[in-house]
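Just below is one structure, and these are the notes that go with it.
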Amino acid sequence: MDYTLFARSIMQDNHLIMIGLCLLGAVLLAEAGHRLLRLPTITGYLITGLVFGPVGLRAIDPDVMRQLALFSDIAIGILLFELGRHLDWHWLRREPRLLALALIESVAVFAAVYALFSLLGIEPVAAGLLAILAMTTSPVILLPILRETRAEGRVSEWARLFAAVNNALALVLAVLLISLARFAREDGWRVALLDPAWELVGAVGLGVACAFLLCLFLRWLRQRGQRDVLPMLFLFGAIVAAVGIAQALGVPPLLAVLSLGIATRNIGRGEALLGLNIDHLRSLFVCVLFVQIGASLDLTAWLQAPLWAALYLAVRGAVRIAVPWLLAPFSGISHAQGGWLGVVLLPMSSLAVLTMHGTVAAIPELSAQTTAIALAALCLLEAIGPITTRWALRRAGETAAEQGAKA
């Protein structure tokens, strides 16, 4: 009996075995990389995905990727919910300049990228899509690195705020871009206006409604003395349910979950969620998410549009760093802190891929070149993003190690 063929047959028939081995490999590789090379943990997860994915051993096939997608959707939902919880309107009313700076930075990135590709002769819809994707900041990279390094300070706190504003604006503008493209394509004003209105109002309304129900139920559980596992599991279930309901209603689930996080932070000053800790659940799903991202990275994307992608990254990076650096004194931070804040915000969100795929499906006339530019940029930023983010936080003196050294 050929035991090698037998083992291979079992692995192919039972994808859970392969998923389990990938996760074990991810944990071991991430720990080894962190101890030996001081790499961020999520970089180890990415490398595991590359090793097991199509570029490496090809153990993660399309069927396994489809099964991992559910875990990845949940991970993105949890991270967006967490990101939304950092938009405290009471704080922003006391510090309106922070919100103004975040909006200026987002608009400046959009305008610079749009102007670049318009001058290069790319059609307006494609230039708009690339500009929207450039606005995004990756919560998938930012939040785990902030947690891993235990970073505290103005750069860390403002990075969360900027990321929430960047992604919220990008999600809204993506819906509006599809609306304009449909209108220009003469799909009719009803389709062009009513559909995006429903998507925006429906997503935000769903998030706010879920937040009110969540806060009410969590308060009821606290009154009954439930302060441990049950509230945490209910919070987790509410996030997953919000994603599922949004998909069923045909509204953007990412915007719905972000709205859920923002609303829960501002209903009763967020008291219903005090003391809840979903770190262990989040860590599991983040591990799966980055293994999937690593397996799906297309290292050949640069071959399709190397010059365009390089220009895209150069303009986006220059504006993203320059605006906080220039406006730092008006916000009460130093130029150096503003510059490091820009570096922390450099990783482009993998949510951009979901936005891009949804936009391409709605606007089929978009060229393959547009997709190639975005994927090439995203591939590079996701590969180096964890390293550059942690490096910038250390240079800003906000990681636990740097603060301990100062003490």
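The values are calculated or read from the model by the stated rules, or taken from the named source; none is laboratory data. None of these values were measured; they are calculated from a predicted model. Cβ coordinates were reconstructed from backbone atoms using ideal geometry, including for glycine residues, and neighbour counts include every protein chain displayed. SASA here: full protein model, heavy atoms, side chains in, ligands and nucleic acids out. Shrake-Rupley method; radii C 1.70, N 1.55, O 1.52, S 1.80 Å.
Here is how the numbers come out for the structure above:
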quantity: Residue list for segment 380-391, restricted to those being under 16 Å from the mean Cα position of the chain (by Cα) and surrounded by 20 or more Cβ atoms within 10 Å (Cβ to Cβ); calculated: L381, E382, G385, P386, T389
quantity: Lone qualifier among S283, S259 - being assigned to a helix (DSSP H, G or I), in contact (Cβ under 8 Å) with a residue 24 or more places away in the chain, of a type in the set (S, T, N, Q) and within 18 Å of E82 (Cα to Cα); calculated: S259
quantity: Scan of segment 107-162 for residues that are open to solvent by 30 Å² or more (accessible area, probe 1.4 Å) and not in a helix (DSSP H, G or I), ordered by number; calculated: L120, G121, E123, R150, E152, G153
quantity: Only listed residue being open to solvent by 20 Å² or more (accessible area, probe 1.4 Å) and either within 23 Å of G128 (Cα to Cα) or modelled with pLDDT of 85 or more (or both), chosen from V165, V204; calculated: V204
quantity: Matching residues in segment 228-263 - criterion: being farther than 23 Å from V172 by Cβ, open to solvent by 50 Å² or more (accessible area, probe 1.4 Å) and touching a Leu at 6+ places or on another chain (Cβ under 8 Å); calculated: L230, F234
quantity: Test: T355 is open to solvent by less than 40 Å² (accessible area, probe 1.4 Å) and either over 25 Å from I178 (Cα atoms) or at pLDDT below 70 (or both); calculated: yes
quantity: Verdict on V360 being modelled with pLDDT of 90 or more and either of a type outside the set (F, W, Y) or open to solvent by 10 Å² or more (accessible area, probe 1.4 Å) (or both); calculated: no
quantity: Count of segment 239-271 residues which are closer than 14 Å to D73 by Cα and out of contact with any Phe, Trp or Tyr (no Cβ under 7 Å at 6 or more places or on another chain); calculated: 14
quantity: Unmet criterion (only one of (1) at pLDDT 90 or above; (2) closer than 29 Å to I245 by Cβ; (3) among the aromatic types (F, W, Y)) for W158; calculated: (2)
quantity: Of all residues in segment 376-407 being in a helix (DSSP H, G or I) and at pLDDT below 80, the one that is nearest to L171 (Cα to Cα); calculated: A400
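Residues are listed down the side, and each one gets a yes or a no for (1) surrounded by 16 or more Cβ atoms within 10 Å (Cβ to Cβ); (2) touching a Gly at 6+ places or on another chain (Cβ under 9 Å):
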position	(1), (2)
G25	yes, no
A32	no, yes
V51	yes, yes
H90	no, no
A102	yes, no
